[in-house]
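K.L.:
Submitted below is the structure of interest, expressed as structure tokens.
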Amino acid sequence: MIHLKMTGQLYLCPPEQPLDKHTHARMTFCGVKSELRFRDVRKFGFWNCLRLSEIATRVETELGPEPLALDFSGFQSLLRKHGGKKIKGWLLDQKIIAGIGNIYSDEILFRSGIRPDRLAGDLNPEEVRKLYRAMKSVLKKAIELKGSSISDYVDSSGEKGQFQQRHLVYDREGSLCRRCRQGVIDRKKIAGRSSFFCPSCQK
Ligand SMILES: [Zn+2]
């Protein structure tokens, strides 16, 4: 089980390439020339070797469904089930839905027109539809553009992601909103994380 956390990088390279001091693990494959390396400057990431049965248990107990595989009725029922949580914390809770982090939760909520401090259970049907659509479209676009390189993130071929150029609110505190051109992007700590939103077009 691998988690990149803040600065982890997973990449393929020729086995003879010299190891740099931030490389913590490497894996070779039968019949494949390249090896897989795990590099992490700040060492928040991890690479755990587990038995298959342990992996199944951890996925089952620690992770909710994959957002891109989740159908609309499943999404609605998760909102009802955890309706007392703020929607920002709801999106970030890996036990509810797996894989959404701080950048993407802000971008999803902005595109849905929903303030991050609203309660998950208080969204009206139109907002629930918008949130579901935004979750899928933001994640699909981000995957297509190979993620957001805001510090040193690179993909497995060493390429920087390009989704940071599509960020509409994340890390834009004090800037004019790109959609309504009236609101100034605000930043508040919600669910323990910095949350960026437009007070004018997110209700
Ligand atoms: Zn706005």
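The values are calculated or read from the model by the stated rules, or taken from the named source; none is laboratory data. Quick caveat, the model's predicted, so the values are computed rather than measured. No Cβ is skipped: glycine too gets one built from the backbone with ideal geometry, and neighbour counts run over all protein chains shown.
K.L.:
Just to be sure before I move on: is SER112 within 16 Å of the ligand (Cβ to nearest atom), touching a Leu at 6+ places or on another chain (Cβ under 6 Å) and in contact (Cβ under 8 Å) with a residue 12 or more places away in the chain in the structure I sent? Talk me through it step by step, then tell me what you get.
P.N.:
On the way: within 16 Å of the ligand (Cβ to nearest atom): yes; touching a Leu at 6+ places or on another chain (Cβ under 6 Å): yes; in contact (Cβ under 8 Å) with a residue 12 or more places away in the chain: yes.
Yes.
K.L.:
On the given criteria, is ASP117 among the acidic types (Asp, Glu), closer than 25 Å to GLY192 by Cα and assigned by TED's automatic domain parsing to the domain that holds ILE190? Give the steps one after another, and end with the answer.
P.N.:
On the way: among the acidic types (Asp, Glu): yes; closer than 25 Å to GLY192 by Cα: yes; assigned by TED's automatic domain parsing to the domain that holds ILE190: yes.
The answer is yes for ASP117.
K.L.:
Would it be correct to say that VAL59 is surrounded by fewer than 15 Cβ atoms within 10 Å (Cβ to Cβ) and of a type in the set (Val, Ile, Thr)?
P.N.:
On the way: surrounded by fewer than 15 Cβ atoms within 10 Å (Cβ to Cβ): yes; of a type in the set (Val, Ile, Thr): yes.
Taking the combined requirement at face value, the residue satisfies it.
K.L.:
Still on this structure, please answer the following. Of the residues ILE143, ILE96, ILE108, ILE150, which single one is under 20 Å from ILE185 (Cβ atoms) and surrounded by fewer than 22 Cβ atoms within 10 Å (Cβ to Cβ)?
P.N.:
Values: ILE143 fails: under 20 Å from ILE185 (Cβ atoms); ILE96 fails: under 20 Å from ILE185 (Cβ atoms); ILE108 fails: surrounded by fewer than 22 Cβ atoms within 10 Å (Cβ to Cβ).
After applying the criteria, what remains is ILE150.
K.L.:
Scan the stretch 160-203 for residues that are within 27 Å of GLU144 (Cα to Cα), basic (Lys, Arg) and away from the ligand (no atom under 13 Å from the Cβ) and jot them down.
P.N.:
The answer is LYS160, ARG166, ARG193.
K.L.:
Name every residue in the stretch 64-104 that is over 18 Å from the mean Cα position of the chain (by Cα), free of Cβ contacts under 8 Å to residues at least 24 places away in the same chain and part of a loop (DSSP other than H, G, I, E, B), in order of residue number.
P.N.:
ASP71
K.L.:
What number of residues within the stretch 166-189 satisfy the criterion of being at negative phi and within 16 Å of the chain's Cα centre (by Cα)? Show your work before the answer.
P.N.:
Just the residues of the stretch 166-189 that are at negative phi, to begin with: 166-170, 172-173, 175-180, 182-189.
Filter once more, keeping what is within 16 Å of the chain's Cα centre (by Cα): 166-170.
So the count comes out to 5.
K.L.:
For the stretch 105-127, enumerate the residues that are in contact with a helix residue (DSSP H, G or I) (Cβ under 6 Å, 6 or more places away or on another chain) and assigned to a helix (DSSP H, G or I). So that I can check it myself, show each step before the final result.
P.N.:
Of the stretch 105-127, the ones in contact with a helix residue (DSSP H, G or I) (Cβ under 6 Å, 6 or more places away or on another chain) are 105, 107-108, 111-112, 114, 116, 118, 120.
SER105, GLU107, ILE108, ARG111, SER112, ALA120 - these are the residues of the stretch 105-127 that are in contact with a helix residue (DSSP H, G or I) (Cβ under 6 Å, 6 or more places away or on another chain) and assigned to a helix (DSSP H, G or I).
K.L.:
Still on this structure: Just checking, how many residues over the stretch 1-57 are within 24 Å of ILE100 (Cβ to Cβ), among the charged types (D, E, K, R) and part of a strand (DSSP E or B)?
P.N.:
1
K.L.:
From the list LEU119, LEU109, LEU123, which residue is touching a strand residue (DSSP E or B) at 6+ places or on another chain (Cβ under 8 Å), more than 30 Å from ASP40 (Cβ to Cβ) and modelled with pLDDT of 95 or more? Don't jump to the end; show me each part of the working.
P.N.:
On the way: LEU109 fails: more than 30 Å from ASP40 (Cβ to Cβ); LEU123 fails: touching a strand residue (DSSP E or B) at 6+ places or on another chain (Cβ under 8 Å).
Selected residue: LEU119, the only one of LEU119, LEU109, LEU123 that is touching a strand residue (DSSP E or B) at 6+ places or on another chain (Cβ under 8 Å), more than 30 Å from ASP40 (Cβ to Cβ) and modelled with pLDDT of 95 or more.
K.L.:
State the number of residues belonging to the stretch 46-63 that are in contact (Cβ under 8 Å) with a residue 12 or more places away in the chain and charged (D, E, K, R).
P.N.:
Total meeting the criteria: 2.
K.L.:
Tell me whether the stretch 129-149 contains one or more residues that are part of a loop (DSSP other than H, G, I, E, B) and within 16 Å of the ligand (Cβ to nearest atom).
P.N.:
Within the stretch 129-149, the first condition is being part of a loop (DSSP other than H, G, I, E, B), and the residues that meet it are 145-149.
Retained after the next criterion (residues that are within 16 Å of the ligand (Cβ to nearest atom)): none.
No, every residue in the stretch 129-149 fails to be part of a loop (DSSP other than H, G, I, E, B) and within 16 Å of the ligand (Cβ to nearest atom).
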